[in-house]
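Taking it in order: structure first as structure tokens, then the write-up.
The values are calculated or read from the model by the stated rules, or taken from the named source; none is laboratory data. None of the values given here were measured: they were computed from a predicted structure. Here the Cβ positions follow ideal geometry from the backbone for every residue, glycine too, while neighbour counts run over all protein chains shown.
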Amino acid sequence: MYWKMEAVAAVETVIACLRSLSDHPYISAILTCGLVLLLTRLRSTYAFHYTAKNARHNDEPPIAPYWIPGLYHAPSMILNGPAQFFTSILLQYGDRLPLLTRVGALNFLLISSPEHVKRVFRSLDMDMTFLKVQIFKKVFRSPKKALDFYKADQDQFEVERRITYAHETLPRKLLSGPSLTAMTEKYFLTLRKNLAACGCDREEGMEIPDLYAFFKDVIMESTIETVMGSALLEMYPAVVEDFYLFDEKLEDFNAGTPRFMMPLAYDARDRLLVKLKEWDLASIDEKEGLDEDVEWNKWGSKFIRARRAAFRSMPALDANARASENLGILEAASTNILPSVFWFIIEALRNPDLRSRLKSEIEECTTDQSERVDVVKLGARPLLQSMHAETARRYLAIVTARTVTTPNFTLEFKYGVRKGTTVMIFSNPLAMNTSEWAAARPSTVRKPLEEFWAERFLTDEGNFSVEGIAGCWVPFGGGKHMCPGRHFAKNVAVATAAVLLGEYECEFMEPEKVGDAVPKFKGAYAVLRPKEKIRLKLRKADGKPG
């Protein structure tokens with residue numbers, strides 16, 4: 001009884017204090033604001049759980065709890081950045097998806113069901129225009145005239161003057177088939193040359209103190225020469241250095257972080273755009289720069305030259321807009337290729353049995369006369385295909401977004417999604433969802449999804465297959481907007497493995513630390529870098545061309 005009397009007395013004391021404080025106008029305002037925030041949070045939390053349990057046909061998905069009416073989740077996204085904001089939502093409510101987040105008037109729908117993912121990718125009521133415009137505006141600094149062109153109805157233009165022709169048709173055509181084969185061969189030879197130039201062919205070999213930093217230079221430089229041509233590197237030797245100054249702050253550009261908070265990144269972007277503009281104009285002055293017959297010359301791959309010619313036919317894309325477009329190509333190459341190549345090689349070197357099997361596959365695809373590997377043939381081997389798919393599953397944590405273009409898009413005949421909502425699909429939570437993988441294809445979870453398993457995508461007959469798991473494995477997006485550069489990214493990883501494993505002796509200098517460097521990522525999306533430096537010694541194998 002005594003404790004009850006004390007509790008009542010304490011409550012009466014608190015109430016009396018609040019009444020006395022409320023007489024002060026500033027404190028009264030603070031208390032009122034605090035009460036509004038608290039009531040908003042309580043009400044939105046109740047509404048979230050009620051809607052999740054009792055949604056009827058065509059109801060809007062539940063909205064994640066928030067504090068501020070009208071602004072909803074905007075303060076959290078602004079303060080933490082999109083990646084961290086969505087990570088916190090997934091960690092708190094990941095088992096309750098689909099759910100909506102709101103940033104002022106903007107709606108973002110988060111989904112995690114493979115069936116929902118497949119529904120979105122198959123739908124004709126989705127497009128990427130809104131996302132594309134935001135990225136080109138905030139990240140690549142495209143001029144307003146170009147942004148208006150991206151937003152315009154493309155049906156009013158001739159087919160080859162539509163932005164979809166340059167962004168979708170040309171990549172599908174020229175990043176596959178014979179052109180892909182030619183680009184792969186060019187990359188293989190360029191990487192060989194660049195490794196030799198770094199000193200890797202010295203008799204005593206070469207010690208690399210930070211393999212990721214080394215790959216950032218040599219892989220990116222080889223990729224730029226392959227895709228964009230050697231003239232860009234000749235005109236702009238600092239392109240790789242400036243690119244990574246810009247790339248490290250990509251998320252901050254996307255969030256709208258002002259210049260005074262990251263001046264080095266803004267300065268690097270300015271230099272990139274100026275130099276890419278100069279390179280583009282110089283290529284137009286040269287006959288070779290627009291030659292669409294040969295597969296490669298110093299002004300770029302056939303893909304880049306065809307793209308350049310297409311952009312010239314679009315009046316809205318002046319030299320500044322084309323520079324922004326080319327910065328986008330550099331970013332696309334880095335986003336998919338570097339993580340794929342790096343972790344492909346690390347996992348190959350970590351496992352002696354896997355390394356031995358890969359070397360055997362490489363030898364079988366190597367011609368005796370030229371010591372040249374048929375990389376396309378090698379990449380078609382089931383083990384290599386499965387290993388690349390597993391590398392993408394484990395190490396490419398990407399976000400795919402689509403915007404609803406129909407007045408009411410339905411998920412599972414249950415939730416109605418209003419026009420203008422951006423649907424967000426995160427590859428990492430899907431890649432780690434054991435129950436969904438087990439239901440889709442039980443053989444894929446014979447080893448835990450947290451573990452790298454090179455054979456995960458092989459059938460019992462030893463064939464490569466992604467059948468049944470299309471909604472779980474989405475590191476390159478899906479549907480008609482699936483990443484057109486995914487085949488080139490795979491071939492770059494395979495070609496890099498062919499050079500390093502086939503022509504060099506590779507040895508970790510601190511093998512006991514490699515496992516600690518592997519990230520265990522549970523967030524929404526990010527570029528997965530090693531947590532620690534990985535040291536490697538390279539030495540040219542006996543009898544290999546130098």
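Checking each residue in region 328-357 for being buried (at least 23 other Cβ atoms within 10 Å of the Cβ) and either over 25 Å from residue 532 (Cβ atoms) or without any contact (Cβ under 8 Å) to a residue 12 or more places away in the chain (or both) picks out only 330. Scanning region 34-69 for residues being closer than 19 Å to residue 412 by Cβ and surrounded by 14 or more Cβ atoms within 10 Å (Cβ to Cβ) gives a total of 8.
Taking into account only those residues within region 201-243 that are small (Gly, Ala, Ser) and at pLDDT 95 or above, which is nearest to residue 328 (Cα to Cα)?
Looking at residues that are small (Gly, Ala, Ser) and at pLDDT 95 or above, I get 229.
Pairs please, first residue from region 52-63 and more than 13 Å from residue 417 (Cα to Cα), second anywhere and in a helix (DSSP H, G or I), Cβ atoms under 6 Å, 6+ apart in sequence or on different chains. Cβ pairs passing all conditions: 52/96. What are the pairs, 6+ residues apart or on separate chains, where a residue within region 265-292 that is at pLDDT below 90 has its Cβ under 7 Å from a residue that is polar (S, T, N, Q) and not in a helix (DSSP H, G or I)? Cβ pairs passing all conditions: 288/297; 291/297.
No other residue among 329, 337 is assigned by TED's automatic domain parsing to the domain that holds residue 254 and modelled with pLDDT of 95 or more apart from 329. What are the residues in region 406-460 that are out of contact with any helix residue (DSSP H, G or I) (no Cβ under 8 Å at 6 or more places or on another chain), assigned to a loop (DSSP other than H, G, I, E, B) and β-branched (Val, Ile, Thr), if any? Matches in region 406-460: 406, 421. For region 508-545, a residue qualifies if it is within 18 Å of residue 360 (Cα to Cα), surrounded by fewer than 19 Cβ atoms within 10 Å (Cβ to Cβ) and charged (D, E, K, R), and the qualifying residues are 542, 544. Being farther than 30 Å from residue 345 by Cα, in the same structural domain as residue 513 (by TED's automatic domain parsing) and part of a helix (DSSP H, G or I) is a condition met by at least one residue of region 227-239.
For residue 430, are the conditions met, namely being modelled with pLDDT of 95 or more and touching a Leu at 6+ places or on another chain (Cβ under 7 Å)? No: the conditions fail for residue 430. Taking residues in region 169-198 that are outside the structural domain of residue 309 (by TED's automatic domain parsing), and partners anywhere that are in a helix (DSSP H, G or I), not one pair has Cβ atoms closer than 8 Å while being at least 6 places apart or on different chains. Among the residues of region 90-113, those that are part of a helix (DSSP H, G or I) and either touching an Asp or Glu at 6+ places or on another chain (Cβ under 7 Å) or touching a residue at least 60 places away in the same chain (Cβ under 8 Å) (or both) comprise 90, 91, 94.
Residues of region 405-420 include none that is hydrophobic (A, V, I, L, M, F, W, C), at pLDDT 95 or above and in contact with a Gly (Cβ under 9 Å, 6 or more places away or on another chain).
In this structure, residue 480 does not satisfy being over 30 Å from residue 173 (Cα atoms), of a type in the set (Lys, Arg) and surrounded by fewer than 22 Cβ atoms within 10 Å (Cβ to Cβ).
Residues in region 40-86 that are among the small types (Gly, Ala, Ser) and either farther than 18 Å from residue 424 by Cα or assigned to a helix (DSSP H, G or I) (or both): 44, 47, 52, 55, 70, 74, 76, 83.
Within region 372-386, can one find any residue that is free of Cβ contacts under 8 Å to residues at least 12 places away in the same chain and outside any strand (DSSP E or B)? Yes, some residue in region 372-386 is free of Cβ contacts under 8 Å to residues at least 12 places away in the same chain and outside any strand (DSSP E or B). State all residues of region 309-318 that are of a type in the set (D, E, K, R) and at pLDDT 95 or above; if no residue qualifies, say none. Within region 309-318, 318 is the sole residue that qualifies. Residue 409 meets the conditions (1) without any contact (Cβ under 8 Å) to a residue 60 or more places away in the chain; (2) over 24 Å from the mean Cα position of the chain (by Cα) in every case but one. The failed one is (1).
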